[in-house]
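Student: Take a look at the following structure, please.
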Amino acid sequence: AKKGGKNRYYWFEPQMESELRFRSELENGIRRGVGNGEFVPFYEPQVCLQTGRITGFEMLARWQSPELGLVGPDLFIPIAEEIGVIADLSESVIRQALQDAKEWHPELGLSVNISPVQMRDPWFAQKLLKMLVEANFPPSRLEIEITESCLHENLGLVRSLIASLKNQGIRISLDDFGTGYSSLAQLRSLPFDRIKIDRSFISTLASNSDSMTIVQAIASLGSGLGLPITAEGVEEPEVVDELRKMGEFKAQGYLYGRPAAAQDVEKRLAELGLL
Ligand code: C2E
Ligand code: CA
Ligand code: CA
Ligand code: CA
């Protein structure tokens, strides 16, 4: 039992106490891991549905934790944001990704995800450009993915950030499109280069007629606004057939390849003559 406040006692359930301990160990592990270079980039192929060719990769961070093994971002990104290490973590994986992707075919793009916390940093654009210069990586090969949650931030700040990135030739895509509530207004007010339809609509495309209607609507929105579209989470050939009927898309998903480490990606690229 712990003593709280004045004469108040409350008891932690044993389970709650162990959850708290797990949480604080996670925090320490993440802090340490950033310093030790335990965060690494994985890559998921992006494919042009018309040609079937790989056009680039999305970098997805992984944590090689000595205690936990390979950990996905849904666990560590929110914590890294909370404890203030997301910028260092992101910088570390982006630097590695630039080094990796630099060795690939020069037409292959690299997409990276950016946290709303980083969007709030007035120096973010400068930091990113410095990384590109140091890695000698052409900005035109880089695409920044931002989610709608980034746009609930100070819109003026986001706007000028996007403008300075685009000025350097970096492309900006709106990630997880369709899951936030104010997507349409933002499409009009910010100069995105691409929208990525959220996996929840794509994975159910062949089986759910509502998903079909929504994806069709997004496709016509995209072509009307001149915005290329990526479909995320393509797992089945049936989904590809449906997408092909609707227009031009890029696609990502387990059908084309799961996120993999650089060495595995490079094996595949070598076979395709893209190294
Ligand atoms: P996201 O950007 O929407 O990335 C797509 C997620 O869907 C990835 O999960 C990917 O592995 C998964 N996925 C892709 N294709 C399929 C499929 O066909 N089926 C299924 N079931 N899943 C698929 P992951 O790697 O766990 O990443 C989760 C989220 O973490 C990402 O969502 C992104 O928002 C965030 N994230 C990843 N890396 C970073 C990073 O370096 N910085 C920041 N700020 N966020 C990151
Ligand atoms: Ca993404
Ligand atoms: Ca997404
Ligand atoms: Ca997502």
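Student: For residues that are part of a loop (DSSP other than H, G, I, E, B), more than 16 Å from ligand 4 (Cβ to nearest atom) and of a type in the set (V, I, T), scanning just the stretch 82-114, find the one that is farthest from L132 (Cα to Cα).
Tutor: I83
Student: In the set P191, P228, which member is within 16 Å of ligand 2 (Cβ to nearest atom) and open to solvent by 20 Å² or more (accessible area, probe 1.4 Å)?
Tutor: P228
Student: Taking into account only those residues within the stretch 63-81 that are in a helix (DSSP H, G or I) and touching a residue at least 12 places away in the same chain (Cβ under 8 Å), which is surrounded by the fewest Cβ atoms within 10 Å (Cβ to Cβ)?
Tutor: Applying the filter and picking the extreme gives L75.
Student: Let me ask another. When you scan the stretch 141-215 for helices (runs of 4 or more DSSP H) that lie fully inside it, which ones turn up with 3 or more residues that are more than 27 Å from D241 (Cα to Cα) and within 16 Å of ligand 4 (Cβ to nearest atom)?
Tutor: By residue number, 148-151.
Student: Hey, among S223, S164, which residue is of a type in the set (S, T, N, Q) and under 27 Å from P45 (Cβ atoms)?
Tutor: When all the criteria are applied, what remains is S223.
Student: Let me ask something additional. Looking at (1) within 20 Å of S111 (Cα to Cα); (2) open to solvent by less than 40 Å² (accessible area, probe 1.4 Å); (3) hydrophobic (A, V, I, L, M, F, W, C), can you tell me which one L255 breaks?
Tutor: L255 satisfies all of (1) within 20 Å of S111 (Cα to Cα); (2) open to solvent by less than 40 Å² (accessible area, probe 1.4 Å); (3) hydrophobic (A, V, I, L, M, F, W, C) except (2).
Student: Which one of these is of a type outside the set (D, E, K, R) and in contact with a Phe, Trp or Tyr (Cβ under 7 Å, 6 or more places away or on another chain): I197, I162, I144, I114?
Tutor: Of the residues listed, the single one that is of a type outside the set (D, E, K, R) and in contact with a Phe, Trp or Tyr (Cβ under 7 Å, 6 or more places away or on another chain) is I197.
Student: Criterion first (more than 19 Å from E266 (Cβ to Cβ), surrounded by 12 or more Cβ atoms within 10 Å (Cβ to Cβ) and hydrophobic (A, V, I, L, M, F, W, C)) does L60 satisfy it?
Tutor: no
The values are calculated or read from the model by the stated rules, or taken from the named source; none is laboratory data. In this text the structure is predicted, and so the values were computed from the model without any measurement. All Cβ positions, even for glycine, are placed from backbone atoms using ideal geometry, and neighbour counts span all protein chains on display. The area values use the complete protein model at the heavy-atom level, side chains included, leaving out ligands, DNA and RNA. Shrake-Rupley method; radii C 1.70, N 1.55, O 1.52, S 1.80 Å.
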